[in-house]
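The values are calculated or read from the model by the stated rules, or taken from the named source; none is laboratory data. The shown structure was predicted, so the numbers you read here are calculated from the model rather than taken from an experiment. Heads up, the Cβs are rebuilt from the backbone with ideal geometry, glycines too, and the neighbour counts pull from every protein chain shown. Calculation scope for accessible area: heavy atoms of the full protein, side chains included, ligands and nucleic acids excluded. Shrake-Rupley method; radii C 1.70, N 1.55, O 1.52, S 1.80 Å.
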Amino acid sequence: MAKAAILHRYGEPLAVEDVEVAGPKRGEVKVKLKAAGLCHSDWHVIQGQLPLPLPIVLGHEGAGIVEEVGEGVTSVQVGDHVVLNWVPSCGRCRWCRTGRPDLCEEAARLTATGTLPDGTTRFWWKGKTVYQFLTAGAFSEYTVVPEQAAIPIRRDVPFEVAALVGCSVITGVGAAIHTAQVRPGSTVAVVGAGGVGFNIIQGAALAGAKQVIAVDVVDEKLAATKTFGATHTVNAREEDAVSAVLDLTDGLGVDYAFEAIGRPETMADAYNMARKGGMTVIVGIAAPHETVGINAFSLPSQAKTLTGSWLGQGNPPVDYPKLLDLYAAGKLKLEPLISAVYSLEQINDGFAALKSGQNIRGIIRFAE
Ligand code: APR
Ligand code: ZN
Ligand code: ZN
């Protein structure tokens, strides 16, 4: 038995209940969770914006210790510290074979089914199947995931920090470094300064951007972006964000604009903030039926690159350890991203804080 936070119906609070967690089958790993971050992607599901089978254990930004390994597992051992990888790529599909594991077909399938590769899950509640979000199901004391979804990491970093690397850090830093490939001396705008946005900001700063403009609606968080490398801030509640960014760049627009909220309007803003020939990277996730309104004439006449970034275009087995090494070397600030720590029982308080935008990141610390 394990305590897990379950979403039974869209729009309702999560229910913390006792679930049965089966042992790992062949090629699977059972993980005892130590920490799990509250990400806006979980919140999108709670609100019903990303339809998935219910009931489901949410949570995908998690770190813990390997408790048990199934037959045939070779890459991790009992006792290893691991970060969950919510895009457990197959290594065989056309995307994996061409160096894009972030776009893996099999991982995308599992995102939609809420199951492990064999179509079943390892969670049961009152005799019913409970699905696992992004194979991870991290809002549970224990979870069982495919071997490639448990990435071994160095043991000298706190679990809270390791958990963040699992989603917000790889997504944000990766969007700046892998997708945009921000150049030294360039100009950047980041719309949405949450867990992901802060990491885009520090990724851009790490890459040598000379100007990084943070756009949000919460003044305290905007102030905090300055310690992560933002050079200017814009409160989108007080002024028109696009005009403010144009004013700050002599009317040109920025070399790279990022959206990290998940709203069509702010995605269009990010497009309009990029200079001619510049790049806009959409990181936020909108609901599947939504569309973005951008000026059609501007497409050829301004020749901007409009692209997206999933998992920071990263490869977790390589990037999680690398990002933790950057943290250990003092090049990435991760502890200050954690604004609040909750117990699993307090998870709905954490999501209320996420909804109001008050935390950079809220994190669940599991009881011993
Ligand atoms: N203009 C500017 N900022 C806004 C606006 C707005 N209109 N509305 C909300 N924000 C800010 C919030 O104040 C908050 O700081 O956007 C930020 C979103 O941050 P989080 O809720 O922490 O979201 P995060 O987990 O960072 O995810 C951002 O990336 O991976 C995706 O699914 C994820 O779509 C989500 C996005
Ligand atoms: Zn996430
Ligand atoms: Zn694949």
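Ligands, DNA and RNA are left out, and with a 1.4 angstrom probe the accessible area of segment 64-169 is 39 Å² per residue. Computed from backbone phi, the HN-Hα couplings of segment 208-218 come to x, 4, 8, 9, 10, 9, 9, 10, 8, 10, 10 Hz, rounded to whole numbers (Karplus: 6.51 cos²θ - 1.76 cosθ + 1.60, θ = phi - 60°; Gly and Pro given as x).
Relative to the longest principal axis of the Cα atoms of the chain, helix 347-356 runs at roughly 10 degrees.
For segment 1-114, calculate the relative contact order in percent as a whole number, restricting contacts to Cα pairs under 8 Å that are 6 or more residues apart. Walk me through the numbers before you get to the answer.
Numbers: 202 pairs, mean separation 26.0, N = 114.
Worked out over segment 1-114, it gives 23 percent.
Pop the C-beta distance of residue 250 and residue 276 into the FRET formula with R0 = 22 Å and round what comes out to the nearest 0.05. After rounding, the FRET efficiency stands at 0.95. A protection proxy built from the mean count of other Cβ atoms within 10 Å ranks the segments 68-78, 272-282, 116-126, most packed first, as 272-282, 116-126, 68-78.
Neighbours of residue 255 by Cβ distance under 14 Å: Lys/Arg scored +1, Asp/Glu scored -1, total +4. Look at the alpha carbon pairs under 8 Å that are at least 6 residues apart: their mean separation over the length of segment 149-213 gives a relative contact order of 37 percent. If you take the Cα centroid of segment 319-333 and the Cα centroid of segment 147-184, the two points sit 8 Å apart. Computed from Cα atoms, the angle from the helix 264-273 axis to the main principal axis of the chain rounds to 40 degrees.
Would you compute, from DSSP H runs of 4+ residues alone, the mean residue ellipticity of the chain at 222 nm, taking -39500 (n - 2.57) per run and dividing by the full residue count, rounded to the nearest 500? Numbers along the way, then the final one.
On the way: 12 runs with 96 residues, N = 368.
Value at 222 nm, helices only, nearest 500: -7000 deg cm²/dmol.
How large is ³J(HN,Hα) for each residue in segment 175-184, as worked out from phi by the Karplus curve 6.51 cos²θ - 1.76 cosθ + 1.60 (θ = phi - 60°), to whole Hz, x for Gly and Pro? Coupling constants for segment 175-184: 4, 6, 8, 8, 6, 7, 6, 3, 8, x Hz.
Using a cut-off of 19 Å between Cα atoms, the listed pairs 3/126; 210/322; 226/322; 221/333 include 210/322; 226/322 as exceeding that distance.
Amide H to amide H, with H built 1.01 Å from N, residue 361 comes under 5 Å of 339, 340, counting only residues 5 or more places away or on other chains.
How high is the relative contact order of segment 181-308, in percent, with contacts defined as C-alpha pairs under 8 Å that are six or more residues apart?
Values: 269 pairs, mean separation 28.5, N = 128.
That works out to 22 percent.
Relative to one another, the C-alpha centroids of segment 202-248 and segment 334-368 are positioned 23 Å apart.
Just subtract the alpha-carbon distance of residue 348 and residue 1 from 0.36 nm times their residue separation and send over the number in nm, one decimal.
Details: separation 347, 0.36 × 347 = 124.92 nm, distance 2.15 nm.
Going from the current span to full extension adds 122.8 nm.
DSSP beta bridges fully contained in the chain are about 55 percent antiparallel. Rounded to the nearest 10 degrees, the angle from helix 195-206 to the longest Cα principal axis of the chain is 60 degrees. Count Lys and Arg as plus one, Asp and Glu as minus one, and take only other residues whose Cβ is under 10 Å from that of residue 147; the net charge is then 0. Amide H contacts of residue 61 (H built 1.01 Å from N, in plane; Pro and chain starts excluded): 37 sit under 5 Å, all sequence-distant by 5 or more or on other chains.
Electrostatic bookkeeping for residue 201 treats Lys and Arg as +1 and Asp and Glu as -1; over the other residues with beta carbon under 12 Å from its beta carbon, the sum is +2.
Once neighbouring chains are kept in place and the probe is 1.4 Å, which whole percent of the accessible area of segment 181-308 is contributed by carbon and sulfur? It would help to have the intermediate numbers written out before the result.
Values: 2820 of 5520 Å².
Carbon plus sulfur share of accessible area: 51 percent.
Taking amide hydrogens as placed 1.01 Å from N in the peptide plane, the amide H of residue 68 sits under 5 Å from those of 30, each at least 5 positions away in sequence or on another chain.
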